[in-house]
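A.B. asks: Here it is, the structure in full.
The values are calculated or read from the model by the stated rules, or taken from the named source; none is laboratory data. This one's a predicted model, so the numbers in the text were calculated from it and none came from an experiment. Because the Cβ atoms are built from the backbone with ideal geometry, glycine has one as well, and the counts that use them run over all protein chains shown.
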Amino acid sequence: MSALLDAPPYGPRDEAALLREAVELTRKHLAGCRDYAAIWPDFSGAESLEGLPYLHVGLFKRIAFRTEGVKHQRVLLSSATTSGTSSQVALDEVSAQLQAKSSLAILKDFVGEGKRPLVVIDDAASLRQRGQVSARVAAALSLLPLATTTTFLLKGEEPQWSLVGDAVRAEPAFFVYGFTWALWKRWAQGGIPPSLKELLAHKQIHFVHSGGWKKLEAEAVSREALDGALLSGTAAGSRVIDFYGLVEQNGVIFPLCEAGARHVPRWATVIIRDPWTMKPAEPGQQGLLQFINVLAHGAPYHSVLTEDLGSLLPGPCPCGRSGPRFTLHGRVPKAELRGCANV
Amino acid sequence: MSNREKLKKLILDVFLLDESEFSFELQRAQVDTWDSLGVVSLAVGVHQTFGYHFTPEEATSIQSVADVIKLLETKGISFDA
């Protein structure tokens, strides 16, 4: 278990420990995963995080990477893509514990410690998959340690509003999690019955969403419109938290802070690479996002190059969190429309 | 449908079991889909079927179908044949 997770996510960073653990993890995957070793046969060490090998996220659609010597569990699947192929990430016991600890620490930093009911904008049937778990479900379950009860809103296509009423009636506050698109369609525009609306007006609701904006952009729905629609008719203190993540970086999520930045926890880092040279970009320069974390033991998804563009933000963040932070500019033009990256 | 029948249907649905794999003596260790995700799925299913929300501690402590029955009976849900 990484000691890096024993401190708060945005506290002082120990870059030497992060590099040491990332190099160890790289060696472990090279020794235990033939597909990975075939891609990076000559790795002998790295003196900086920028020098670590990485895998392009697209490879996870083509190769079922799996490192031997750990107990694998389910396979985590990204949501559907235009090509119809999902990324596959082999989950294992050790990583699952680390990833749960990581996402919980990050979420707590944004929503506080208090437990409350969780409403998931999904069908409980999506929990029932042999040997697999979808990105949507995995993202919802990252809130589970903060949930007193869990209610799935949908049965097939039908919202079960009475279940929501039952779950939150006696509570002053609760969480709602959904993919960004689902939150808009099923909640903001979902036709909440007037009696439930009346109840919700007295509830503090933390809406948490992930999965990207492509579908909403296509309908010209802005962040302001989504947030406004969600928060309208809720009690003071309600808020909307949008987080970015990838199935290939499971456990490390990047909620948007109050100042519009995405912060990197101390057990991970972000590198911006010039898309033409692949060299680390200058501060402020836009480039491809590469993420590194020390949570991935079941397969070599500890260092991945994404198809997303972003840039590092300089100086301290007004929100008070420390460590590297970035802004997300969107996907590389002409990159495949990947399934929502969310965990 | 009796509560025993409802529970059987729920267990089959939640853990993707064939009818032949089910018994009221079924243990968690015998079901490969009764992992941490299965625990959540069972808790959600019990709420939808019987109207009772397991606490997280209750949900993780359950090790068999008999445990589900025992727990729900303490909440006033009867499983008499």
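A.B. asks: Of all residues being more than 27 Å from the chain's Cα centre (by Cα) and of a type outside the set (Lys, Arg) in region A:173-199, which is modelled with the lowest pLDDT? Just the residue, please. Please lay out each step first, then the result.
C.D. replies: The initial filter retains those residues of region A:173-199 that are more than 27 Å from the chain's Cα centre (by Cα), namely A:191-199.
Then keep just the ones that are of a type outside the set (Lys, Arg); that gives A:191-196, A:198-199.
Numbers: A:191: 91, A:192: 96, A:193: 96, A:194: 96, A:195: 96, A:196: 96, A:198: 96, A:199: 96.
Among those residues, the one meeting the criterion is A:191.
A.B. asks: Name, by its number, the condition in (1) surrounded by fewer than 22 Cβ atoms within 10 Å (Cβ to Cβ); (2) within 13 Å of chain B (Cβ to nearest Cβ); (3) among the β-branched types (Val, Ile, Thr); (4) part of a helix (DSSP H, G or I) that does not hold for residue A:94.
C.D. replies: Just one mismatch for residue A:94, condition (2).
A.B. asks: With the structure loaded, tell me whether residue B:14 is touching a Gly at 6+ places or on another chain (Cβ under 7 Å), surrounded by 17 or more Cβ atoms within 10 Å (Cβ to Cβ), at the interface with another protein chain (Cβ under 8 Å from one of its Cβ atoms) and under 27 Å from residue A:97 (Cβ atoms) or whether it fails that test.
C.D. replies: Working: touching a Gly at 6+ places or on another chain (Cβ under 7 Å): yes; surrounded by 17 or more Cβ atoms within 10 Å (Cβ to Cβ): yes; at the interface with another protein chain (Cβ under 8 Å from one of its Cβ atoms): yes; under 27 Å from residue A:97 (Cβ atoms): yes.
So residue B:14 fits the description; yes.
A.B. asks: Against the condition more than 14 Å from chain B (Cβ to nearest Cβ), surrounded by 17 or more Cβ atoms within 10 Å (Cβ to Cβ) and within 22 Å of residue A:132 (Cα to Cα), how does residue A:57 come out, does it pass?
C.D. replies: On the way: more than 14 Å from chain B (Cβ to nearest Cβ): yes; surrounded by 17 or more Cβ atoms within 10 Å (Cβ to Cβ): yes; within 22 Å of residue A:132 (Cα to Cα): yes.
The answer is yes for residue A:57.
A.B. asks: Do we find a residue being within 14 Å of another protein chain (Cβ to nearest Cβ) and surrounded by 17 or more Cβ atoms within 10 Å (Cβ to Cβ) anywhere in region B:61-78?
C.D. replies: No - not one qualifying residue is present in region B:61-78.
A.B. asks: I've got another one for you. Assuming residue A:170 fulfils every condition listed in (1) surrounded by 14 or more Cβ atoms within 10 Å (Cβ to Cβ); (2) within 14 Å of chain B (Cβ to nearest Cβ); (3) aliphatic (A, V, I, L, M); (4) out of contact with any Leu (no Cβ under 7 Å at 6 or more places or on another chain) apart from one, which condition is it?
C.D. replies: Single failed check for residue A:170: (1).
Okay, residues lined up against (1) under 18 Å from residue A:107 (Cβ atoms); (2) within 14 Å of the chain's Cα centre (by Cα); (3) buried (at least 19 other Cβ atoms within 10 Å of the Cβ); (4) touching a residue at least 12 places away in the same chain (Cβ under 8 Å):
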position	(1), (2), (3), (4)
A:215	no, no, no, yes
A:226	no, no, yes, yes
A:235	no, no, no, yes
A:252	yes, yes, yes, yes
A:261	yes, no, yes, yes
A:280	no, no, no, yes
A:285	no, no, no, yes
A:309	no, no, yes, yes
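A.B. asks: Here's a follow-up. Hey, can you tell me all the residues within region A:1-48 that are in contact with a strand residue (DSSP E or B) (Cβ under 7 Å, 6 or more places away or on another chain) and farther than 24 Å from residue A:64 by Cβ?
C.D. replies: Correct list: A:10, A:18.
A.B. asks: So residue B:49 clears everything in (1) polar (S, T, N, Q); (2) surrounded by fewer than 16 Cβ atoms within 10 Å (Cβ to Cβ); (3) at pLDDT below 95 except one condition, right? Which one?
C.D. replies: Here residue B:49 clears every test but (2).
A.B. asks: Assuming residue A:108 fulfils every condition listed in (1) at pLDDT below 90; (2) in a helix (DSSP H, G or I) apart from one, which condition is it?
C.D. replies: Against the list (1) at pLDDT below 90; (2) in a helix (DSSP H, G or I), residue A:108 comes up short only on (1).
A.B. asks: Looking at A:133, A:120, A:176, A:164, can you tell me which residue is within 13 Å of another protein chain (Cβ to nearest Cβ) and under 21 Å from residue A:213 (Cα atoms)? Walk me through how you get there before you give the answer.
C.D. replies: Details: A:133 fails: under 21 Å from residue A:213 (Cα atoms); A:176 fails: within 13 Å of another protein chain (Cβ to nearest Cβ); A:164 fails: under 21 Å from residue A:213 (Cα atoms).
That would be A:120, the only listed residue that is within 13 Å of another protein chain (Cβ to nearest Cβ) and under 21 Å from residue A:213 (Cα atoms).
A.B. asks: Are any residues in region A:185-212 crowded, with 22+ Cβ neighbours inside 10 Å and not in a helix (DSSP H, G or I), and if so, which ones?
C.D. replies: Correct list: A:205, A:206, A:207, A:208, A:209, A:210, A:211, A:212.
A.B. asks: If you don't mind, there's one more thing I want to ask. Scan the helices (runs of 4 or more DSSP H) fully inside chain B and keep the ones with 3 or more residues being farther than 18 Å from residue A:120 by Cβ, touching a residue at least 60 places away in the same chain (Cβ under 8 Å) and not β-branched (Val, Ile, Thr).
C.D. replies: On the way: elements: B:3-15, B:36-50, B:56-61, B:65-74.
Of the helices (runs of 4 or more DSSP H) lying wholly inside chain B, those with at least 3 residues that are farther than 18 Å from residue A:120 by Cβ, touching a residue at least 60 places away in the same chain (Cβ under 8 Å) and not β-branched (Val, Ile, Thr) span B:3-15.
A.B. asks: I've got another one for you. Kindly indicate the residue of region A:318-343 that is of a type in the set (S, T, N, Q) and assigned to a loop (DSSP other than H, G, I, E, B) and also modelled with the highest pLDDT among those meeting that condition.
C.D. replies: Residue satisfying both the conditions and the ranking: A:322.
A.B. asks: Only strands (runs of 3 or more DSSP E) wholly contained in region A:223-317 count here; list those with 3 or more residues that are touching a strand residue (DSSP E or B) at 6+ places or on another chain (Cβ under 7 Å) and of a type in the set (Val, Ile, Thr).
C.D. replies: Passing ranges, in order: A:268-273.
A.B. asks: Let me ask something additional. What are the residues in region A:287-307 that are of a type in the set (A, V, I, L, M, F, W, C) and over 25 Å from residue A:104 (Cα atoms), if any? Steps first, answer last, please.
C.D. replies: Taking region A:287-307 and keeping what is of a type in the set (A, V, I, L, M, F, W, C), we get A:288-289, A:291-292, A:294-296, A:299, A:304-305.
Answer for region A:287-307, where residues must be of a type in the set (A, V, I, L, M, F, W, C) and over 25 Å from residue A:104 (Cα atoms): just A:288.
A.B. asks: Could you say whether any residue in region B:44-65 is farther than 26 Å from residue A:133 by Cα and of a type outside the set (Phe, Trp, Tyr)?
C.D. replies: From region B:44-65, those farther than 26 Å from residue A:133 by Cα are none; that's our starting set.
No, the conditions are met nowhere in region B:44-65.
A.B. asks: Any residue in region A:136-158 that is more than 11 Å from chain B (Cβ to nearest Cβ) sitting within a Cβ distance under 6 Å of a residue that is in a loop (DSSP other than H, G, I, E, B) and not hydrophobic (A, V, I, L, M, F, W, C)? List the pairs, counting only those 6 or more apart or interchain.
C.D. replies: Qualifying pairs under 6 Å: A:139/A:342.
A.B. asks: Now, a different point. Quickly run through region B:17-59 and pick out the residues that are of a type in the set (Val, Ile, Thr) and more than 8 Å from chain A (Cβ to nearest Cβ). Break it down stepwise before answering.
C.D. replies: Step one: list which residues in region B:17-59 are of a type in the set (Val, Ile, Thr), which gives B:31, B:33, B:39-40, B:44, B:46, B:49, B:55.
The answer is B:31, B:39, B:46, B:49.
A.B. asks: With region A:4-84 as the region, which helices (runs of 4 or more DSSP H) entirely inside it contain at least 2 residues that are at pLDDT 95 or above and charged (D, E, K, R)? It would help to see each step written out before you state the result.
C.D. replies: Values: elements: A:15-32, A:34-39, A:59-62.
It comes to A:15-32, A:34-39.
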